[in-house]
Structure formats: C-alpha cells, structure tokens
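So the structure is just underneath, and the comments pick up after that.
The values are calculated or read from the model by the stated rules, or taken from the named source; none is laboratory data. Not measured: the values here are computed from a predicted model. As a convention, Cβ positions derive from the backbone with ideal geometry for all residues, glycine included, and neighbour counts pool all protein chains shown. All accessible areas refer to the heavy atoms of the entire protein, side chains included, with ligands and DNA or RNA removed. Shrake-Rupley method; radii C 1.70, N 1.55, O 1.52, S 1.80 Å.
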Amino acid sequence: MLVTLFTRAEGKVRGMARAAKKSKRRFGGALEPLTYVRAHYEDRERQELSRLDSCDVLESPLATEVSYLRATALAHVAELLDELLPDREANDAVFRLALSVLAGLRGSDVWMPVTYFELWMTRLMGYLPDLSECTVCGRGLNASRAYFHALADGLMCVDDKRLASSELSAESRVLAAQMFRSPVESLRGTPWPKERGADLRKFLVQILQRHIEKKFVTAGMLEKVRT
C-alpha cells in the first residue's frame, strides 16, 4: 500500500507499507486518513519510497462519529496538505496548525476550522496578499468595499475591480484578522453556519488553486454540502 506521511521532522514522506491490509498488529487502522501516529519507517539507498514498518495510533479522527460533512472536511484538510507541501521539507508551523485544526473538527461544526485552516495555509505558504489595501491603486480598504477575481492577485477597490469580480465582505475581513490573532481553540463554540465566511473561503481557495494550477476536488464537494 502506498502511503503519505506528514511528519514533524521531515515534512511529507511517501512510502510503501507492505501487506498493510493483512497486518493488524503492525498497522491496525493506523493508515486511515489523518490519523495521528508514531510511525516507524526507513529510507533505503536508491529507492524513492520509504519502507513503513509499523505505526502506533496516537489519535484517530474515526474514534468519533463521522458524518458526510465531517468526512469531506477532513478530506479537504488532507488534500491541502498533500497538494501544497513539497516532499521532505519540514514545516513545524503547518504541522502544529494541522493538529490543532483536526482537534476542532468534531461533529458538524466544521466551517470555522475549515476556514481557519485555509486562511493560515494561504498565509504560511506565502500566498496571502495584503487585505487592507487595493492591489491596483494602493488605496486603504478598511472602511471600503473590496473585491477579488479568480485570475488576479489581491483585493481591489470599487474603482479598480475587474469584470466578474466577487466581493469580500468587511465582516469576513474582520474574521480573518480575528483568526490571525487567536488560536483555533479559542474560537470553538461560536455559532458558525456555512454562510459565515463563505466569501473568505472562496477567496482563499481561488488563491491556492491559482498557485498550484489545479482545482481542489474537496473544495467543490464542500460547497455542495447543504447544512
């Protein structure tokens, strides 16, 4: 079985777990998506894939009930990690972000942690533009309407917006600023329906997709979910 591990020390590691489906003693559910494990693997000379010998489960997202919405949100986190991170490049900030967000992805309250994860991943990858000024004229946007376009970087004021632009509300810009100041744990319990921050998620996904030059499958799946 081919597996991808996101490790704290070495970043994203791709490997082979031989006879994984037959060996409950060595793996026993440890290879389910986004399971937090202690992995035992080794690199071999002239082999691109590592050899995964065994895993010890530390925490599993499948330990509690998994609805379709939660499963899709978990898959979205996994897809962003896989698509955005290079192989063998440690990123402690992203590792800690992933752990904290996964801890918050419980039950049906997924929209806040999903939004938080997308926002911080965009920032940590170095793709997030300045949200306080127009990228065309430099005018401040704090008290003004702001727009974004799938084929353009940054936000634009009302005078410089392009055709078919979407608006990023002042409320969502305030939410982004709040999420930059607060750990994800402190935002739990706040009512967060799908509509809240929907324009911010659209803005962030468009930025990320433009940089990797492909669409996220799970982003479309999330948008189709009715809650």
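Table for the structure above
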item: In the stretch 117-156, the residues that are aliphatic (A, V, I, L, M) and open to solvent by less than 50 Å² (accessible area, probe 1.4 Å); result: 119, 121, 125, 128, 131, 141, 146, 150, 152, 155, 156
item: Positions within the stretch 192-227 being at positive phi and without any contact (Cβ under 8 Å) to a residue 40 or more places away in the chain, in sequence order; result: 213
item: Among (1) surrounded by fewer than 17 Cβ atoms within 10 Å (Cβ to Cβ); (2) free of Cβ contacts under 8 Å to residues at least 40 places away in the same chain; (3) among the small types (Gly, Ala, Ser) - the single one residue 100 does not satisfy; result: (2)
